[in-house]
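Peer 1: Take this structure, written in structure tokens, and hold onto it; I'll ask about it next.
The values are calculated or read from the model by the stated rules, or taken from the named source; none is laboratory data. On a predicted model such as this, the values are computed, not experimentally measured, just so you know. A quick note on method: Cβ atoms are made from the backbone with ideal geometry, for glycine too, and the neighbour counts reach across all protein chains shown.
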Amino acid sequence: MKTLLSVLAVSGLLVACASVPPGPAAVAKLSPTNGNAVSGTVRFVTQGAKVVVVGEVSGLKPNGVHGFHIHEKGDCSSGDGMSTGGHFNPDGHKHGAFAAADHHAGDLQSLTADANGVARFSYESTTLQVASGTANVVGRGLIVHRDPDDFTTQPTGNSGPRLACGVIALQ
């Protein structure tokens, strides 16, 4: 047992030394839109040339898939999330899947809820930026949609109504 703990400690130390120190970070607190119960927290942390997107969203349809996008405006005042405008798209790309070569900067990985309606996720983006650059997410809206993103309908992905809204703020 002591040997296993020593190996784990050394492994953790090697990983920590090899990692790039985090850069600017931002967070969005998702609140439900009118008549919905979806909420959560999402962080955007600069790690070298990438941004790590990590979070937890609850109140989703159990085992459901939901569109998830960064929108142009950091304004959740309308109650239905529509005040955030369209998808964040500073480079004028077509809407598409997060992993596709051509997609809006605001096209994030879809959320997949577990049997309890909770989606937990962590992934890296080479498209997004925090605190500077044309793809800076700070001050933008973050939206969880009711339906899965079809990745083809332009310019929205046909993801349906907006269930939760948050503003991405610098930490």
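Peer 1: If you go through the range 100-116, how many residues are assigned to a loop (DSSP other than H, G, I, E, B), touching a Phe, Trp or Tyr at 6+ places or on another chain (Cβ under 9 Å) and either among the polar types (S, T, N, Q) or at pLDDT below 95 (or both)?
Peer 2: 7
Peer 1: In addition: Being more than 18 Å from THR153 (Cβ to Cβ) and either within 13 Å of the chain's Cα centre (by Cα) or touching a residue at least 40 places away in the same chain (Cβ under 8 Å) (or both) is the filter here, so list the residues in the range 85-104 that pass it.
Peer 2: Scanning the range 85-104 gives PRO90, ASP91.
Peer 1: Regarding the range 56-70, can at least one residue be identified that is closer than 14 Å to VAL137 by Cα, assigned to a loop (DSSP other than H, G, I, E, B) and either among the small types (Gly, Ala, Ser) or at pLDDT below 95 (or both)?
Peer 2: no
Peer 1: Which of (1) out of contact with any Gly (no Cβ under 8 Å at 6 or more places or on another chain); (2) at pLDDT 95 or above does VAL144 not meet, given it meets every other one?
Peer 2: (1)
Peer 1: Within the range 117-171, track down each residue that is touching a Ser or Thr at 6+ places or on another chain (Cβ under 7 Å) and part of a strand (DSSP E or B).
Peer 2: Scanning the range 117-171 gives ALA119, GLY141, ILE143, HIS145, ARG162, LEU163, ALA164, CYS165, GLY166.
Peer 1: Another question about this same structure. Can you say whether LYS73 is of a type in the set (Lys, Arg) and either surrounded by 21 or more Cβ atoms within 10 Å (Cβ to Cβ) or out of contact with any strand residue (DSSP E or B) (no Cβ under 8 Å at 6 or more places or on another chain) (or both), as far as the supplied structure shows?
Peer 2: It is false that LYS73 is of a type in the set (Lys, Arg) and either surrounded by 21 or more Cβ atoms within 10 Å (Cβ to Cβ) or out of contact with any strand residue (DSSP E or B) (no Cβ under 8 Å at 6 or more places or on another chain) (or both).
Peer 1: Now, a different point. May I ask you to say which residue of GLY117, GLY106 is of a type in the set (Gly, Ala, Ser), buried (at least 22 other Cβ atoms within 10 Å of the Cβ) and either under 26 Å from GLY59 (Cα atoms) or in contact with a strand residue (DSSP E or B) (Cβ under 7 Å, 6 or more places away or on another chain) (or both)?
Peer 2: Exactly one of GLY117, GLY106 is of a type in the set (Gly, Ala, Ser), buried (at least 22 other Cβ atoms within 10 Å of the Cβ) and either under 26 Å from GLY59 (Cα atoms) or in contact with a strand residue (DSSP E or B) (Cβ under 7 Å, 6 or more places away or on another chain) (or both), namely GLY106.
Peer 1: Collect the residues in the range 80-128 that are closer than 12 Å to HIS69 by Cβ and of a type in the set (Val, Ile, Thr), keeping them in residue-number order.
Peer 2: THR84 - this is the single residue of the range 80-128 that is closer than 12 Å to HIS69 by Cβ and of a type in the set (Val, Ile, Thr).
Peer 1: Quick check: anything in the range 84-91 exposed (fewer than 15 other Cβ atoms within 10 Å of the Cβ) and under 24 Å from THR46 (Cβ atoms)?
Peer 2: Looking for residues that are exposed (fewer than 15 other Cβ atoms within 10 Å of the Cβ) and under 24 Å from THR46 (Cβ atoms), one finds at least one in the range 84-91, hence yes.
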